[in-house]
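The values are calculated or read from the model by the stated rules, or taken from the named source; none is laboratory data. As the structure is a prediction and not an experimental result, all values here were calculated from the model. For neighbour counting, all protein chains shown are included, and Cβ atoms are generated from backbone atoms with ideal geometry for every residue, glycine included. Side chains included, ligands, DNA and RNA excluded: accessible areas come from the protein's heavy atoms. Shrake-Rupley method; radii C 1.70, N 1.55, O 1.52, S 1.80 Å.
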Amino acid sequence: MSKRLKIAIQKSGRLSKDSLELLRDLGVKLQIQEQNLIAFASNFAIDILRLRDDDIPGLIFDGLVDIGIVGENVLQEHALEKKANGESAEYELLKKLDFGFCRLALALPLSVKYENIKDFENKRIATSYPYILKDFMQKKGISYKTCVLKGSVELAPRANLADGICDLVSSGATLEANSLKEVESIFSSSACLIKKAGKLSNENEFLLNKFLLRIDGIMQARESKYIMLHSPKNKIDKIISLLPGVETPTVLPLAHNDDKVVLHMVSKENLFWETMEKLKDEGASSILVLPIEKMLR
Ligand code: ATP
Ligand code: ZN
């Protein structure tokens, strides 16, 4: 059993920056050499492996790395592929993370009329995700043909390789640029933290648990806001009732003002302009909403 905790992240791509940022927020000090596959942390016994995202699920299933950050889409595709080949794909989903949001969607050329999923019967669909597509279509009872492409899927209809596509979408801009329209979303995805099956060494379990607690703190902090405002003394309860997810606020006196007090509190949700305007209508003033970096309960 390896002494150092091995963590796999995407080397360069859509998940790289957020994955590294998460590690930094966890307090991991890393020296990244762009060309190197492996990076060592100076303050924890961990090694960071920087890989193609497609290689991460397999390494986790085979127990060669301890934990990894990968899109659920890539994870699910590789797990379904393994199972289709009669092999097992064991892993533990530790946490869904708050980045890498996208969906796998079916899309058709703008000129094609679409009513429902039955319109895909006997059609050819280009995709890089044949197993997720197959799983979805089987559940819907639709037979179809595939054209498996590792890239440039969105060009397939125009190149007469396929009638439609099944591809990752986040904003929809790529579809639009290729005169395609999304007609069905078949799989929602975000980045997730996964672990190989089975127990790690005691030291690594300890470290992992520490990181998981810190991740909770980071994710809670990202959603929360620190709010400071001046409230009329007789409106404190009303003001607090307007704020979403607020725990007991701190009430402080305001210098040279007996009618108002200062309230400091943490709100577990973002504060919208509408709420701030309502607070003002109730007599609140000097309303400040600040981001929170870390939180430990
Ligand atoms: P690699 O070189 O590591 O194989 P890649 O080209 O396969 O990279 P990226 O395009 O960097 O992968 O996307 C990585 C992951 O980011 C996707 O698998 C998905 O989970 C997520 N993602 C988020 N938004 C999008 C999007 N609009 N298009 C594609 N992937 C997205
Ligand atoms: Zn990839």
Among (1) under 19 Å from TYR91 (Cα atoms); (2) assigned by the TED database to the domain that holds SER267, where does ASN204 come up short?
(2)
Restricting to segment 1-45, and then to whatever is open to solvent by 60 Å² or more (accessible area, probe 1.4 Å) and under 18 Å from ASN73 (Cα atoms), can you tell me which residue is nearest to ligand 1 (Cβ to nearest atom)?
ARG14
Would you please list the contacts, defined by Cβ atoms under 7 Å and residues six or more apart or on different chains, that run from a residue in segment 1-23 that is away from ligand 2 (no atom under 13 Å from the Cβ) to a residue that is among the aromatic types (Phe, Trp, Tyr)?
ASP18/PHE99
Answer yes or no: is there a residue in segment 178-197 that is more than 17 Å from the chain's Cα centre (by Cα) and free of Cβ contacts under 8 Å to residues at least 40 places away in the same chain.
yes
Does ASP25 satisfy the condition of being under 20 Å from ALA191 (Cβ atoms), charged (D, E, K, R) and in contact with a strand residue (DSSP E or B) (Cβ under 7 Å, 6 or more places away or on another chain)?
no
Matching residues, segment 24-50, being among the aliphatic types (A, V, I, L, M), within 16 Å of ligand 2 (Cβ to nearest atom) and at pLDDT 95 or above
LEU49
